[in-house]
1. I want the antiparallel fraction of DSSP beta bridges within region 22-97, as a percent rounded to 5.
2. On the protein heavy atoms, probe 1.4 angstrom, tell me the percent of accessible surface of the chain carried by carbon and sulfur.
3. Counting only heavy atoms of the protein chains, get the accessible area per residue of the chain (1.4 Å probe) and round it to a whole Å² value.
4. Taking the Cβ of Asn68 as the center, what net charge do the other residues with Cβ under 11 Å away carry, scoring Lys and Arg +1 and Asp and Glu -1?
5. Within 12 Å, Cβ to Cβ, of Val42, how many net charges do the neighbouring residues add up to if Lys/Arg are +1 and Asp/Glu are -1?
6. With a ≥ b ≥ c taken as the square roots of the eigenvalues of the C-alpha gyration tensor of the chain, please select rounded if a/c is under 1.5 and otherwise prolate if a/b is larger than b/c or oblate if it is not?
7. Could you give me the ³J(HN,Hα) list for region 46-56, computed from phi with Karplus coefficients 6.51, -1.76, 1.60 and θ = phi - 60°, whole Hz, x at Gly and Pro?
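The values are calculated or read from the model by the stated rules, or taken from the named source; none is laboratory data. Since the structure is predicted, the reported quantities are computational estimates derived from the model, not experimental observations. Here the Cβ positions follow ideal geometry from the backbone for every residue, glycine too, while neighbour counts run over all protein chains shown. The area values use the complete protein model at the heavy-atom level, side chains included, leaving out ligands, DNA and RNA. Shrake-Rupley method; radii C 1.70, N 1.55, O 1.52, S 1.80 Å.
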Amino acid sequence: MSRLARPVAQAKPTYDVIVVGSGYGGGVAASRLARIGLSVAVLERGREYLPGEFAESLLAASTSTQINTGGRRVGPADALFDVRVGKDVHALVGCGLGGTSLINAAVCLTPDSMVLEDEAWPEEIRID
C-alpha cells in the first residue's frame, strides 16, 4: 500500500487551494475542490498511518500520546493521541493524516429504539 503523504520539499510553489486539516471536513473539502479541477494541497500535522502501524497494546498507545495543558506538552508533538486538558473542558483529538477520524475506530453506540422507529428511515432499517 502506498502512502498519500509527501515531504514538504516536494510541494509545488503554488496551489489554487490549501486545505488545513485532513479530517472529516478537510478531507471532503479537498476532494470536492480537486474534482472540479483545482490544484489542492492538504496540510496536516502528525504522520500518515497505514494499516498495521497503529498501536496494538496499551503500552504502545501510551508512547503515541501527547498531553497538552496550559501551554505545555508532554510527549511527542506528532503523537497520534492528542489530549487537550483545559480548565473546564478536555478533548481527545487525533494528530495525523485523517485527523480525529483516525482515533474513532470501533466507536459504535446503540441508538434509542425511538430513533430508528422514525419514519424518515427506510422500512428495511426500521424493521431490522
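1. On the way: 8 of 14 bridges.
If I count the DSSP bridges inside region 22-97, around 55 percent turn out antiparallel.
2. Values: 5680 of 9700 Å².
The computed percentage sits at 59.
3. Numbers: 9700 Å² over 128 residues.
For the chain, the solvent-accessible area averages 76 Å² per residue.
4. Numbers: positive: Arg72, Arg73, Arg84; negative: Asp82.
Cβ neighbours under 11 Å give a net charge of +2.
5. Numbers: positive: Arg6, Arg45; negative: Glu44, Glu48.
Around Val42, the surrounding residues sum to 0.
6. Values: a/c = 1.95, a/b = 1.20, b/c = 1.63.
Cα axes put the chain in the oblate bin.
7. The phi angles translate into x, 10, 8, 10, 9, x, x, 9, 7, 4, 10 Hz.
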